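What follows is a single structure, written as structure tokens, with notes after it.
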Amino acid sequence: MRIKLLPILIFALVSLQSNSQNFKKEKRIYMLDITKSMWGSGNNIDIFEEVKNALYKGIEDIKDTETIVTIIPFQATHTYEILPSWTFKAGNITKLKDIKSKIDSYNVNTVPGGYTDIYSALKKAKENIDKDRINYIFLLTDGEQSKIPSATKKTSKIDFSVVDLEKLLNNWCDFSMNSNSHLFYVMLSKAAINESIVNIINEECNAYNVHGPVNIAFVKPKTKRLKLNLHDEPTDIEINLEANNWGYLKEDTVIELDLEDNSIFELVNNTVKIENKRLVVKLRNKGGLSFLDLQKVSEIESNLLLTLSTTNNLKILNPKINIIVKNHKERILTLELLENE
């Protein structure tokens, strides 16, 4: 019996391995602010315990144990000694436990400085990008970029200010497209909110302003392109979603829809709830035309752009979906879902 089952088992393992190669693995990079203000210094609120525990939970909640995690503690790295950082697989419980003990040892008396050098931390995060993976970068800070003054303990002659950080963020879109990276700028306090930085991130692709909490909910469509055939008389579009952790999403989460102006379809509703890890977008024919009428006047192929958005703290990755409307009599394929890598 065992001899008969063995080839089946091998085939199953090979099949799983082959299918898994269709999807890129993840890398998550966490930049953790350890300036003294995180412990309440300077009339700030002591939030370090809460933030570090949320960080631990975020890592422990990662479903894929092969996900690579990098943690980069930061303060004024170019004023004081260079801080250690750690890289490990999410499934390495022993390594995570060891790192947690090191982070737990930080306190307002043991951290080396009070200046906030976000620029250097982000630059270091960019150096840790893995272009063979999807990279999610979380910048956790309760302050703004400091202008780093000269000091006797200085290890570099380079000073950085908020202007340097702005320049670094202004090029994020090009960098992210070439490296498959998403940046979550998590502002843990009001003191961390800089309107100039907020505006830059709003303009850049694959970058997101987050005003707490650390455990960010984000979803992304499993496809960037859909194909519809008018001869199948489509009225519903199903969009399957992936999430970093479905438990982070609030019940009855609503997604806003925007379909670019076109001569074929319009939306029945401009909002839709996430249900069963998917969206069902309902369409109706433009101008009250029947499908027979649309088939007569529509081009052989048309491209429509559907954009997903939210007004809450949920972030949508890859929010634009290209809908290819075909006017073919062939009914071999009516709806094609092309999965992301």
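The values are calculated or read from the model by the stated rules, or taken from the named source; none is laboratory data. Keep in mind it's a predicted model, so treat the numbers as computed, not measured. Quick reminder, even Gly has a Cβ in these numbers, built from the backbone with ideal geometry, and neighbours come from all protein chains shown. For accessibility, only protein heavy atoms count, side chains too; no ligands or nucleic acids. Shrake-Rupley method; radii C 1.70, N 1.55, O 1.52, S 1.80 Å.
So which residues in segment 228-247 are touching a residue at least 60 places away in the same chain (Cβ under 8 Å) and either on the phi > 0 side of the Ramachandran plot or surrounded by 15 or more Cβ atoms within 10 Å (Cβ to Cβ) (or both), if there are any at all?
If the condition is that a residue be touching a residue at least 60 places away in the same chain (Cβ under 8 Å) and either on the phi > 0 side of the Ramachandran plot or surrounded by 15 or more Cβ atoms within 10 Å (Cβ to Cβ) (or both), then 228, 229, 230, 231, 234, 237, 239, 244, 245 are the ones that fit.
Anything in segment 282-305 that is open to solvent by 70 Å² or more (accessible area, probe 1.4 Å) and either within 16 Å of residue 323 (Cα to Cα) or among the hydroxyl-bearing types (Ser, Thr, Tyr) (or both)? List them, or say none.
Residues satisfying the conditions are 282, 284, 299, 300, 301, 303.
In segment 183-196, what residues are out of contact with any His (no Cβ under 7 Å at 6 or more places or on another chain) and either open to solvent by less than 10 Å² (accessible area, probe 1.4 Å) or hydroxyl-bearing (Ser, Thr, Tyr) (or both)?
Within segment 183-196, 183, 184, 185, 186, 189, 192, 196 meet the criteria.
Working only within segment 138-182, note down all residues that are acidic (Asp, Glu), open to solvent by 60 Å² or more (accessible area, probe 1.4 Å) and at pLDDT 90 or above.
Selection gives 174 alone.
Checking residue 199 against (1) surrounded by fewer than 18 Cβ atoms within 10 Å (Cβ to Cβ); (2) on the phi > 0 side of the Ramachandran plot, only one condition comes out false. Which one?
Here residue 199 clears every test but (2).
Is at least one residue of segment 81-91 at pLDDT below 95, in contact with a Gly (Cβ under 7 Å, 6 or more places away or on another chain) and within 21 Å of residue 188 (Cβ to Cβ)?
Within segment 81-91 (the criterion being at pLDDT below 95, in contact with a Gly (Cβ under 7 Å, 6 or more places away or on another chain) and within 21 Å of residue 188 (Cβ to Cβ)), the answer is no, since none of the residues qualifies.
Could you tell me whether segment 236-251 includes any residue that is farther than 23 Å from residue 274 by Cβ and not small (Gly, Ala, Ser)?
No: segment 236-251 contains no residue that is farther than 23 Å from residue 274 by Cβ and not small (Gly, Ala, Ser).
Checking the conditions here, which among 117, 61 is under 18 Å from the mean Cα position of the chain (by Cα) and modelled with pLDDT under 95?
When all the criteria are applied, what remains is 61.
Give segment 124-141 a look and list any residue that's outside any strand (DSSP E or B) and out of contact with any helix residue (DSSP H, G or I) (no Cβ under 9 Å at 6 or more places or on another chain), or say none.
Scanning segment 124-141 gives 124, 125, 127, 128, 132, 133.
May I ask you to list the residues in segment 277-321 that are under 25 Å from residue 184 (Cβ atoms) and not hydrophobic (A, V, I, L, M, F, W, C)?
The answer is 277, 278, 307, 309, 310, 311, 312, 313, 315, 318, 319, 320.
For segment 24-73, what are the residues that are assigned to a helix (DSSP H, G or I), farther than 20 Å from residue 247 by Cα and of a type outside the set (Gly, Ala, Ser)?
Selection gives 36, 38, 48, 49.
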